[in-house]
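The values are calculated or read from the model by the stated rules, or taken from the named source; none is laboratory data. Since this is a predicted model, take the numbers as computed values, not measurements. Every residue, glycine among them, receives a Cβ derived from its backbone with ideal geometry; neighbour counts consider all protein chains shown.
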């Protein structure tokens, strides 16, 4: 199932998406008789989603998704953890050896942004870059979990653009501020539950800037695979429902690529991951 968080006429809600239609929270309650909670995190991780799943055939999809603004699927995750240099092709283009264990950076939740939203960047940033990433949504609290059990704690998947201010990154000599600006984590367009993805380690990734292909890879190029990422992180960090783990990007970014320009005002970014949908964002520089 695909779960989206949306807003229309100032009213935020969430619902299931199918074939360009959405069944909102109120529609789900009306069709099934189950009074589901207002908060999408409560719905997904406190047992309500499991209660609704057997009743899916009863639900009517009667609204056009295009009539809604699509927001970041999870509004307030406890953690957004992003991996660096986890794709062989990206590490090679940066002339680096992929790390044997996850090299991570944390983004704040204020970086979250929805599809079709603008990425607003201050004019003092001169080297703005993009990174398409497969993001995992954790569904169960876990600590010291084994690789064999790791896939069981995933609720679903989405696209995440790990937007990065490379000149700030170079100046600070670390990643956090460069990747933490407000709106620097466009994601979505929805959460696709894990049962719909047969092999998350074999999904095509595609980034286009103004229609030009910049990144064209596959999640099979990850150096540290998903079960290992979860298991290793859980040795240090308690993972909780709603946490986002973004698994690294592929080759084709502007960093250290003289033939690839950095983002400029008005650029249109389109990112697609096979079976997960597409996110669209426009870059806007402001004073």
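Surrounded by fewer than 21 Cβ atoms within 10 Å (Cβ to Cβ) and in the same structural domain as residue 279 (by TED's automatic domain parsing): which single residue out of 126, 179 fits that description?
On the way: 179 fails: surrounded by fewer than 21 Cβ atoms within 10 Å (Cβ to Cβ).
Sole residue among the options that is surrounded by fewer than 21 Cβ atoms within 10 Å (Cβ to Cβ) and in the same structural domain as residue 279 (by TED's automatic domain parsing): 126.
Looking at 74, 80, which one is surrounded by 22 or more Cβ atoms within 10 Å (Cβ to Cβ), within 28 Å of residue 27 (Cβ to Cβ) and out of contact with any helix residue (DSSP H, G or I) (no Cβ under 6 Å at 6 or more places or on another chain)? Steps first, answer last, please.
On the way: 80 fails: within 28 Å of residue 27 (Cβ to Cβ).
Checking each option against the conditions leaves just 74.
If you scan the stretch 186-232, which residues turn out to be touching a strand residue (DSSP E or B) at 6+ places or on another chain (Cβ under 8 Å) and free of Cβ contacts under 8 Å to residues at least 60 places away in the same chain? Spell out how you get there, then give the answer.
Just the residues of the stretch 186-232 that are touching a strand residue (DSSP E or B) at 6+ places or on another chain (Cβ under 8 Å), to begin with: 186-194, 196-197, 200-211, 213-219, 221-224, 226, 229-230.
Correct list: 194, 201, 202, 210, 211, 213, 216, 218.
Please give the helices (runs of 4 or more DSSP H) falling wholly within the stretch 1-93 in which 2 or more residues are touching a residue at least 60 places away in the same chain (Cβ under 8 Å).
Details: elements: 25-32, 40-45, 48-52, 88-93.
Qualifying helices (runs of 4 or more DSSP H): 40-45, 88-93.
Given the structure, is residue 111 in contact with a strand residue (DSSP E or B) (Cβ under 9 Å, 6 or more places away or on another chain), under 17 Å from residue 245 (Cβ atoms) and without any contact (Cβ under 8 Å) to a residue 40 or more places away in the chain? Quick ask: steps written out before the conclusion?
On the way: in contact with a strand residue (DSSP E or B) (Cβ under 9 Å, 6 or more places away or on another chain): yes; under 17 Å from residue 245 (Cβ atoms): yes; without any contact (Cβ under 8 Å) to a residue 40 or more places away in the chain: no.
Criteria not met by residue 111.
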